[in-house]
Every structure is written in structure tokens, then in C-alpha cells.
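Reading through the C-alpha cells given below for one structure.
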Amino acid sequence: MRYLGKFIKSISTLKGIGLLLKIDKDRGYIILNSKNQYLAVEPLLHNSGIKLNAIGVEWANSKTKQYPLFIAYILSVFYIPVVVYYYLTDKDTYFHKSVKYAFNEYCLTNGYRLLNNFWLSYNKPQFVIIVNDHHFAARDFVKSAKKKRIPTIYIQHASVTEAFPKLLTDYAFLEGKDAEDKYFKNGDTNTIVKLVGILKFDGMMNAFHKKNQAYDSIGICTNQFDSFPRVEELITELRQNNQCTYILRPHPGDPEYHVWKKLAEKLKIEFSESKEETATQFFNNADIIISYNCNILLESIIFNKPTFSYRLADESFDHYGFVKNKLVTHYESPKKLKEKLEHLDIEKNWRANAKRYCDTIGTSHEGKSLQLIEKYIHEIFDNQLR
């Protein structure tokens, strides 16, 4: 049903068919699958001298070119019998489970690869950039580009975990040592790695001015793993004898987004419309940030905000190593966190904690990731990158 539903929905992408007929030898392609990926590389798209076509696959906005996914779906129909055959004959349990979960992707990836092979043979872009290295669409683009000897580049768009696949592209522009260590634990690779910091935070670093005052607002950031009762318990405890403003901000992709909004209404606290309000706008309204196992912890530290990890989920985990690597201090007791906030040094240099995750911090390139990326892309085509 998911396959059929997405197939029908893809009819709207026929407007992108002209993309297949255009020759773009003088520029590169950057493949995007979500709004978050777009925001991660927005400075490169609009503030650099690099000639790029932003191509939206399964996602697009007015500033991207629509990939004609419908054509790939038509081609994928011929592979349905192949997927079904292997499902019936292969005895591997994991494979069976994965087909049940991702039948759509198993079929589509074949049609997708055929279309990309044809397309990249015809127009031969200067290079291909991906911003997500584990989504099948991005990986298929890389494999087709490599087949046509087109240079491939990966630009990291968010923190990585040790569960990520090994690097696939010719070049990888990673944010910091943390990402590099995790990727190289996952297997040998021929990828040339350069550490460039976090592109989307350039403006944040350059625009920040430290506040010389006590805090009066606390932001609580949640995601789909978090527990409503635990979040309510924390806010209730912190509010006792405390006149701060509290702002609840769910992850924009959380399927229970509206339930979080109802919780904010119940507790009579402010609600950050994360689907519309940017993280920067949110940070301007919140003096302290509390979250758990979420990339906004890193973003907040980069913004030089007092930031703390609190176990908002029923289960305990540290996917990104934020606690292990001392990016943030972790709490499991609301009373202990409350005691910390009562004796908080708000003028501390919080950003320094993020050096492992953002390599440019404390260097002459702090806030200049775009310049580094431009430099390395030019070097790729001058054959100077080693």
C-alpha cells in the first residue's frame, strides 16, 4: 500500500522531466531529500560562487529543481517480480524483515538506478554532492555518478552515530573529529576526508553576542523518543518557586507534534512552532536549553547557550555520544538539575565544549565553513587535493 500510495503521489513530479533533458556540464548537482538537508547547505547554495543545481528527491521547494521520481517508479514496476522472487526464495531472516519494512525502496532503487545511469550519461554534471549518506536515493546517485567517473562529495548535515555506513563518496567534508572517528570505525574507505566545521552555523557564530544577565527563560526540546509524563514531571518540578518562562519545542518531524502542543497548553507554557520557527529564532527566546539525545543540544552549545541533557525518554541512550564526550552534563533527577540551574555561571564559554563536533571552533576558520568548502571544491578540480 505504501508503494502504491507513493507511486500515485509521484505523478506530481512529472513537472521535473525537463531536468533529464538539460545538459549541465558547467555546474554540479546537490541531492536533497528533506528540508533539514536543504537548511544545512543553504549558504553553499545561495552565498557561494560554486555553480550548483539543487535537486529535490521525494522533497522539493521553490528553490530546488524537482527530480522526476514518477519515471523511476514506472521503471521500478518491472522489478516487482524480482523482489518477490528473492523474498520467496531467500532464507535470510533479516532480508525478509527488511523487505516487509522497505518493499517500496527495494523496487524503486532499481528503477532509480536505471534512470540515474541514463541521466548522468547524457548531461555529465561537473560533480555530485549528497547531504545524506544513508538514504537509498542519495547512495544510488553516488553509484551512478561513480560509474560515469563524475566526482562525488558528501557534506555532513547532522551528527552521526556509529551505526552509519562507511563512507561511499570520493570526498567527504565532515564537521569534526567525532564524525571522522565514527566513520572510520565502520570500515576501510578510499574517501578523502576534510574537516570543515558546521556550514549552517556560520551565521550563528558570527552574529552571536553574549548576554550579560541572569536567565529568565528555559527551552525544553523533545523528540519522538521522549516520554510525555517525564517531560511534564521535569517542567512541573522546575517551575516550583521559579518565575522563568518555559518554552516547549518538539522536533518538527515528530509524528505526535500536536500532542506536544496540547501538553504545552495543559501546562500553560509557551510553545515553539518548530515547523515554522527556526532554531536560531528559538535560541533568541530561550536563555537555557534542556533536551535529550537530540542534535539541538549541539546547536544550542554552538550558539553558546547553557545547555543540559536530561533523560526525557523512558529508555537511557546516548546515540551521538554527547554525554560521553562531555558536550553536555547529563541529569536524571529533576531536583539535581534544578540545583544546578540555581548556581549557574551563564557567562561561561559553552561553545568550547563543541570542538570535537565542530572542528573550526577556536581556529581562524571559526564561522567560515563556507570558505573552506569552496576552497576544497576548487582544489578538487585543480587536482591539488591529496
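The values are calculated or read from the model by the stated rules, or taken from the named source; none is laboratory data. Keep in mind the model is a prediction, meaning the values are calculated, not measured. We place every Cβ from the backbone using ideal geometry, glycine too, and count neighbours over all the protein chains shown.
Data table
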item: Residue in segment 304-321 that is among the hydrophobic types (A, V, I, L, M, F, W, C), buried (at least 19 other Cβ atoms within 10 Å of the Cβ) and touching a Ser or Thr at 6+ places or on another chain (Cβ under 8 Å) present; result: yes
item: Y320 vs. criteria in contact (Cβ under 8 Å) with a residue 40 or more places away in the chain and under 27 Å from E162 (Cα atoms); result: yes
item: Of the criteria (1) under 15 Å from F141 (Cβ atoms); (2) modelled with pLDDT of 90 or more, which one E42 fails; result: (1)
item: Those residues of segment 100-121 which are in contact (Cβ under 8 Å) with a residue 60 or more places away in the chain and farther than 17 Å from I31 by Cβ, in sequence order; result: F103, N104, C107
item: Residue pairs meeting the criteria (Cβ under 8 Å; at least 6 apart or on separate chains; first within 13 Å of K6 (Cβ to Cβ), in segment 61-75; second of a type in the set (D, E)); result: L69/E58
item: C294 vs. criteria under 26 Å from H258 (Cα atoms), of a type outside the set (F, W, Y) and assigned to a loop (DSSP other than H, G, I, E, B); result: yes
item: Residue count for segment 1-43, restricted to those that are part of a helix (DSSP H, G or I), in contact with a strand residue (DSSP E or B) (Cβ under 7 Å, 6 or more places away or on another chain) and not aromatic (F, W, Y); result: 5
item: Qualifying residue in segment 324-335 (condition: surrounded by 22 or more Cβ atoms within 10 Å (Cβ to Cβ), within 19 Å of T245 (Cα to Cα), among the β-branched types (V, I, T) and touching a strand residue (DSSP E or B) at 6+ places or on another chain (Cβ under 8 Å)); result: no
item: Matching residues, segment 57-84, being exposed (fewer than 14 other Cβ atoms within 10 Å of the Cβ) and part of a loop (DSSP other than H, G, I, E, B); result: N61, S62, K63
item: Those residues of segment 291-308 which are of a type in the set (S, T, Y) and more than 20 Å from E162 (Cα to Cα), in sequence order; result: S291, S300, T307
item: Which numbered condition G203 fails, given (1) without any contact (Cβ under 8 Å) to a residue 40 or more places away in the chain; (2) outside any loop (DSSP other than H, G, I, E, B); result: (1)
item: Per-region count, segment 126-141, residues in contact (Cβ under 8 Å) with a residue 40 or more places away in the chain and in a helix (DSSP H, G or I); result: 3
item: Residue match in segment 273-288 (condition: among the small types (G, A, S), surrounded by 20 or more Cβ atoms within 10 Å (Cβ to Cβ), under 20 Å from S159 (Cβ atoms) and not assigned by TED's automatic domain parsing to the domain that holds F228); result: no
item: Residue, farthest from H343 (Cα to Cα), within segment 242-253, restricted to residues that are surrounded by 16 or more Cβ atoms within 10 Å (Cβ to Cβ) and either of a type in the set (V, I, T) or touching a helix residue (DSSP H, G or I) at 6+ places or on another chain (Cβ under 7 Å) (or both); result: P250
item: Tabulated pairs, segment 142-157, first over 14 Å from I30 (Cα atoms) and not assigned by TED's automatic domain parsing to the domain that holds Q37, second hydrophobic (A, V, I, L, M, F, W, C) and crowded, with 22+ Cβ neighbours inside 10 Å, C-beta under 8 angstrom, 6+ apart or interchain; result: none
item: Matching option when the condition is at pLDDT below 90, in a helix (DSSP H, G or I), over 22 Å from the mean Cα position of the chain (by Cα) and assigned by TED's automatic domain parsing to the domain that holds L21, among Y94, Y122, Y106, Y87; result: Y122
item: Residue check for L341: more than 19 Å from S159 (Cβ to Cβ), out of contact with any Pro (no Cβ under 6 Å at 6 or more places or on another chain), assigned to a helix (DSSP H, G or I) and not assigned by TED's automatic domain parsing to the domain that holds Y171; result: yes
